[in-house]
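One structure is given here, and the rest of the page talks about it.
No value in this document is a laboratory result; all are computed from the given coordinates. Quantities reported herein were computed from a predicted structural model and do not represent experimental measurements. Please note: Cβ atoms are built from the backbone with ideal geometry, for glycine as well, and neighbour counts cover all protein chains shown.
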Amino acid sequence: MKFFVDTADIAEIRDLADSGLLDGVTTNPSLIAKSGRQFLDLVAEICDVVNGPVSAEVASTDFETMLQEAQKIAKISHRVAVKVPLTPAGLKVCKIMSSQGTMVNVTLCFSPAQAILAAKAGATFVSPFVGRLDDIGQDGMGLITEICEIYKNYDHFKTEVLVASIRNPIHIVKAARLGAHVVTAPASVLKQLFNHPLTDKGLAQFVADWQKTGQSIL
Ligand code: E4P
């Protein structure tokens with residue numbers, strides 16, 4: 001399973017990249033707005049820091065402009081995965097960019113039917129948003145179950161399931177149990193994966209007992 005961080009905060013990305021656990025980055029227009037940075041410069045900087053796919057999203061919704069944006073974004077780096085919305089125009093752009101060898105992340109997926117369309121359009125990644133479904137009282141992880149089941153039925157579907165809109169470590173563990181290829185989560189949630197009170201308690205005990213030996217390993 002690959003770990004992407006869902007952020008446009010370069011300091012956060014550098015920190016996680018140093019941990020050795022990071023496989024890629026996802027951004028979206030809301031995260032870019034929050035960063036206050038110039039979009040194309042920031043994406044280029046992220047691509048220099050991370051050795052993996054960096055999703056950068058188009059801003060337009062009509063086919064012609066979206067395609068021009070996608071082509072400009074793709075020129076930044078071979079690491080860029082152009083992110084397009086799950087709309088007829090978005091999937092047309094997906095088909096073209098994929099056939100030209102650019103990675104494409106189809107975003108804003110909320111149904112298994114939409115995920116089938118993304119795979120047929122040759123998406124590298126499809127991003128089902130589990131947290132936003134949970135937020136409206138629907139079953140986010142149920143959607144991942146259905147998409148993974150469908151994709152496994154078709155060898156020619158090469159699209160990776162990129163579980164997005166993750167709110168907590170349980171989402172990540174469930175995604176792993178279902179065999180989803182990638183999760184993208186805020187840095188705070190990825191860091192929560194380390195946490196267990198028995199790890200803290202056990203370590204404190206080992207440190208205390210070691211001190212009693214009066215020894216030093218170095
Ligand atoms: C995915 O690529 C999106 O950027 C993201 O996961 C959306 O998450 P949110 O619902 O927390 O905004």
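On a full-extension model of 0.36 nm per residue, what is the gain between GLN71 and MET1, subtracting their alpha-carbon distance, rounded to one decimal in nm?
My answer for the length gained is 22.3 nm.
Charges on Cβ only, +1 for Lys and Arg, -1 for Asp and Glu, centred on the Cα centroid of region 107-171; of GLY142, ILE166, GLN114, which one is farthest towards the dipole's positive end?
Of the listed residues, the answer is GLN114.
Quick check: net charge around ARG132, other residues with Cβ under 13 Å of its Cβ, Lys/Arg +1 and Asp/Glu -1?
Numbers: positive: ARG167; negative: ASP6, ASP134, ASP135, ASP139.
With Lys, Arg at +1 and Asp, Glu at -1, the neighbours total -3.
Hydropathy first: keep DSSP H helices in the chain averaging at least 0.0 on Kyte-Doolittle, then drop any whose Cα extent along the axis falls short of 18 Å, and list what survives.
The answer, listed by residue number, is 140-152.
Under a GNM of the chain (C-alpha, springs under 10 Å), which listed residue has the highest mean-square fluctuation: ILE96, ILE73, ILE170?
Most flexible of the set in this elastic network: ILE170.
Give the Rg/Rh ratio for the chain, taking Rg as the radius of gyration of the Cα atoms and Rh as the Kirkwood radius, to two decimals.
1.06
Enumerate the residues in region 79-116 having an amide nitrogen under 18 Å from the point lying 7 Å beyond the Cα of SER60 toward its Cβ.
Residues 82-98 fall inside that zone.
Pull up all non-local amide H partners of VAL80: gap of 5 or more, or a different chain, and H-to-H distance under 5 Å with H placed in the peptide plane.
VAL54
Only counting other Cβ atoms within 10 Å, I'd like MET1, MET97, MET141 sorted with the fewest neighbours first.
Lowest to highest Cβ neighbour count: MET1, MET141, MET97.
What's the center-to-center distance, using Cα atoms, between region 177-218 and region 51-97 in Å?
39 Å
Under a 10 Å cutoff between Cα atoms, tell me which one of ALA121, ALA70, ALA113 has the largest fluctuation in the Gaussian network model of the chain.
ALA113
Pop the C-beta distance of LEU203 and ASN51 into the FRET formula with R0 = 30 Å and round what comes out to the nearest 0.05.
0.45
Using amide H atoms built in the peptide plane, which far-off residues or other-chain residues are under 5 Å from LEU86 H to H?
Here THR107 satisfy the definition.
Return the single residue from THR124, THR61, THR87 with maximal mean-square fluctuation; model: Gaussian network over the chain, springs between Cα atoms under 10 Å.
Among THR124, THR61, THR87, the largest GNM mean-square fluctuation belongs to THR61.
Would you please classify the overall shape of region 54-96 from the alpha carbon gyration tensor, given that a ≥ b ≥ c denote the square roots of the eigenvalues, rounded means a/c under 1.5, and beyond that prolate means a/b larger than b/c while oblate covers the rest? List each step's numbers first, then the result.
Working: a/c = 1.94, a/b = 1.66, b/c = 1.17.
Prolate.
Classify region 76-195: rounded, prolate or oblate, from the alpha-carbon gyration tensor (a ≥ b ≥ c, eigenvalue square roots; a/c under 1.5 rounded; otherwise prolate if a/b is larger than b/c)?
Prolate, since a/c reaches 1.5 and a/b exceeds b/c.
Calculate the FRET efficiency for HIS181 and GLU149 from the Cβ-Cβ distance with a Förster distance of 22 Å, rounded to the nearest 0.05.
Values: r = 14 Å, r/R0 = 0.64.
Using R0 = 22 Å, I get an efficiency of 0.95.
Hey, got the dipole for region 77-218? About the Cα centre, +1 on K and R Cβ, -1 on D and E Cβ, debye to the nearest 20?
It works out to roughly 340 debye.
Percent of Cα-Cα pairs per 10 Å bin, from 0 to the last occupied bin, for region 143-217, please list those.
Calculated over all Cα pairs of region 143-217, the distribution is 16, 32, 20, 15, 12, 5, 0 percent.
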